[in-house]
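Working notes, structure below.
The values are calculated or read from the model by the stated rules, or taken from the named source; none is laboratory data. This structure is a prediction, so every number in the text was calculated from the model and none was measured. Using ideal geometry, Cβ is built from the backbone for each residue, glycine included, and neighbour counts are taken over all protein chains shown. Ligands, DNA and RNA are stripped out before the accessible areas are found, and what is left, the full protein with its side chains, is counted by its heavy atoms. Shrake-Rupley method; radii C 1.70, N 1.55, O 1.52, S 1.80 Å.
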Amino acid sequence: MMAGPGLSFGVRQQRKLSQTLTPLQHQSIKLLQLSNIGLDALVREALETNPLLSLDEPADEDAVEAPKMPARSPTAGYRPTPAASRLFGAAEGALPETGQRSADTGAHRPDEPGAVSETTLQDALLEDIAFSFTDAAERTIAIDLSFLLDDSGYLAGDVGDIAALRGVSEAKVTDILLRLQALAPAGLFARNLGECLRLQLVDAGTLDPPMDALLDNLPLLTERGPETLAAAAGIDPGDLPQYLQRLRALDPRPGRALAGAAAPAIVPDLVVRPAPEAFPRSGEFAHRIGRWVVAVNPETAPHLSLDRGGLAALRAQSRSQTDRAYVSTMSREASWLIQAVRNRRATVLRLGVEIFRRQQEFLEHGMARLGPLTRKEIARAAGLHESTISRAANEKYAATPQGVFPLKFLFSGRIRALDGGPGHAASAVRHRLRILIDRETAPLSDEALARLLRADGYDLSRRTVTKYREMLRIPSSVGRRRRLAYRPTEKFSACSS
């Protein structure tokens with residue numbers, strides 16, 4: 001089928017624009033949309049292949065203290081135990097369809113030109129965590145726990161390590177973990193298979209005492225056989241198959257249904273902190289906004305330079321036209337990359353400055369004071385194209401007094417205020433909705449929640465409240481009523497062994 005004239009014209013214009021871009025502009029665009037992990041990989045490859053590139057240590061005045069992140073244990077998390085294999089099959093392909101990603105997800109591979117990396121578990125959970133934890137210290141611990149999740153959604157680390165890292169008690173971290181286990185999909189943040197399945201049964205309101213006892217003794221299924229398991233759980237042996245069938249209907253790897261993979265620990269691209277009184281207004285690596293400093297994290301902004309001594313030596317050794325062409329190419333590519341990295345650093349800082357210039361109330365008071373903000377508004381203020389803002393915000397993070405956030409999280413649509421005021425950020429409204437639900441003594445209907453939000457000054461309909469509740473992956477009032485009947489405890493399931 002032939003393309004229409006409008007489409008044909010658009011393709012010609014895009015091709016024409018692509019042909020007019022200089023190599024440096026192409027390089028800058030490519031680097032801008034990379035995460036700092038992707039940038040690090042690209043720079044390391046360039047250092048190995050280009051003898052004229054060198055990596056310098058950042059100067060002391062550029063030092064920024066980035067927040068520490070816990071390390072994920074390679075031996076923890078989901079494990080195909082004998083009980084798991086007996087229930088769900090030893091091979092990944094034998095797991096239930098609900099626990100597997102569709103082959104046609106539309107996700108791009110990160111190495112494709114212009115591609116955006118697939119959503120990670122942490123991307124999907126950061127917004128939930130921001131709305132669920134109003135205290136900044138608790139939110140930091142919750143984010144720490146999210147980065148201990150493996151691809152299957154299991155906790156691949158120890159709460160004691162986070163307690164030591166953040167200087168709090170293990171009981172405090174465990175309490176936050178139990179709150180995270182209430183997030184959807186049910187089964188996330190489980191420490192073993194039994195806990196994962198138990199959380200899903202609780203969510204469905206189908207956890208009864210026999211099933212609870214069966215989960216506690218599930219290893220007996222493979223260690224001593226079905227009859228021993230049935231006796232230990234107090235179940236008639238003839239009824240055991242139907243109990244096992246109920247378990248097979250659950251998802252042993254809930255994280256795979258939510259996102260593509262577990263992300264490596266975040267190293268923030270920007271760090272926002274209170275400004276010392278003597279701090280200058282701006283510089284190449286930091287900019288002051290009122291009482292705040294927005295700084296580039298040197299760990300994510302490599303300091304590249306051209307090895308001029310090496311260049312002179314190579315030129316002196318060049319005897320043939322081929323040698324001279326090689327030296328010229330290496331010199332040109334090194335200069336392009338050095339300038340592109342500088343441009344990236346400057347653009348990311350510029351973006352952060354304009355975002356936090358408008359979100360100082362958020363820095364001071366948290367999610368409840370997040371203001372409405374669009375990419376178009378930032379593009380206009382920064383003198384950049386809106387597409388550049390989107391590339392610059394992609395997979396970039398900022399460490400703030402309120403926790404670590406993706407830059408794109410700080411953009412939010414506007415909800416009208418009933419008093420005719422400037423309006424509210426949609427994200428702040430969802431945060432308020434989450435608080436109302438967390439504080440309810442009995443589950444409220446969406447209509448009742450809408451009335452409470454209107455009393456707070458938000459111009460919201462019941463339909464919008466339902467949409468926001470579903471965006472937060474909060475069950476309906478009926479589902480929340482079921483959860484109230486069972487609160488997760490510190491009980492471990494024996495079927496982890």
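Taking region 408-462 as the region of interest, how many residues are outside any loop (DSSP other than H, G, I, E, B) and aromatic (Phe, Trp, Tyr)? Qualifying residue count for the region: 2. If the condition is being of a type outside the set (A, V, I, L, M, F, W, C), open to solvent by less than 20 Å² (accessible area, probe 1.4 Å) and farther than 15 Å from Gln27 by Cα, then region 342-352 contributes only Gly352.
Which of the residues that make up region 375-397 are touching a strand residue (DSSP E or B) at 6+ places or on another chain (Cβ under 8 Å) and either without any contact (Cβ under 8 Å) to a residue 12 or more places away in the chain or assigned to a loop (DSSP other than H, G, I, E, B) (or both)? I'd like the intermediate steps shown before the answer.
Kept after step one, since they are touching a strand residue (DSSP E or B) at 6+ places or on another chain (Cβ under 8 Å), are these residues of region 375-397: 393, 395-397.
Passing the criteria: Glu395, Lys396.
A count restricted to region 146-180 and to residues that are touching a strand residue (DSSP E or B) at 6+ places or on another chain (Cβ under 8 Å) and open to solvent by 20 Å² or more (accessible area, probe 1.4 Å) stands at 1.
Can you find a residue that is in contact (Cβ under 8 Å) with a residue 24 or more places away in the chain, closer than 21 Å to Arg473 by Cβ and in a helix (DSSP H, G or I) anywhere in region 158-171?
Applying the first criterion (in contact (Cβ under 8 Å) with a residue 24 or more places away in the chain) to region 158-171 yields 158, 161-162, 165-166, 168.
Imposing the further condition that a residue be closer than 21 Å to Arg473 by Cβ reduces the set to none.
Checked region 158-171: no residue is in contact (Cβ under 8 Å) with a residue 24 or more places away in the chain, closer than 21 Å to Arg473 by Cβ and in a helix (DSSP H, G or I).
So that you can scan it fast, the table gives a plain yes or no per residue for (1) closer than 29 Å to Leu149 by Cβ; (2) open to solvent by less than 10 Å² (accessible area, probe 1.4 Å):
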site: Gly194; (1), (2): yes, yes
site: Asp203; (1), (2): yes, no
site: Leu220; (1), (2): yes, no
site: Leu229; (1), (2): no, yes
site: Gly255; (1), (2): yes, yes
site: Pro268; (1), (2): yes, yes
site: Pro274; (1), (2): no, no
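Scanning region 280-321 for residues that are farther than 30 Å from Thr400 by Cβ, open to solvent by less than 40 Å² (accessible area, probe 1.4 Å) and touching a residue at least 40 places away in the same chain (Cβ under 8 Å) turns up Ser305, Leu306, Gly310, Leu311.
For every residue, the table says whether it meets (1) closer than 30 Å to Gly457 by Cα; (2) buried (at least 19 other Cβ atoms within 10 Å of the Cβ).
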site: Ser328; (1), (2): no, no
site: Glu354; (1), (2): yes, yes
site: Arg357; (1), (2): yes, no
site: Gly366; (1), (2): yes, yes
site: Ala381; (1), (2): yes, no
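For Ala232, state whether it is out of contact with any Phe, Trp or Tyr (no Cβ under 7 Å at 6 or more places or on another chain) and of a type outside the set (Lys, Arg). Yes: the conditions hold for Ala232. Taking the criterion of being open to solvent by less than 90 Å² (accessible area, probe 1.4 Å), closer than 15 Å to Ile338 by Cβ and modelled with pLDDT under 85, the residues of region 27-57 that qualify are Gln27, Ser28, Asp56.
Scan region 296-305 for residues that are within 21 Å of the chain's Cα centre (by Cα) and part of a strand (DSSP E or B) and the total you get is 1.
Of all the numbered requirements in (1) open to solvent by 80 Å² or more (accessible area, probe 1.4 Å); (2) at pLDDT 60 or above; (3) not charged (D, E, K, R), Thr75 misses one, and that requirement is (2).
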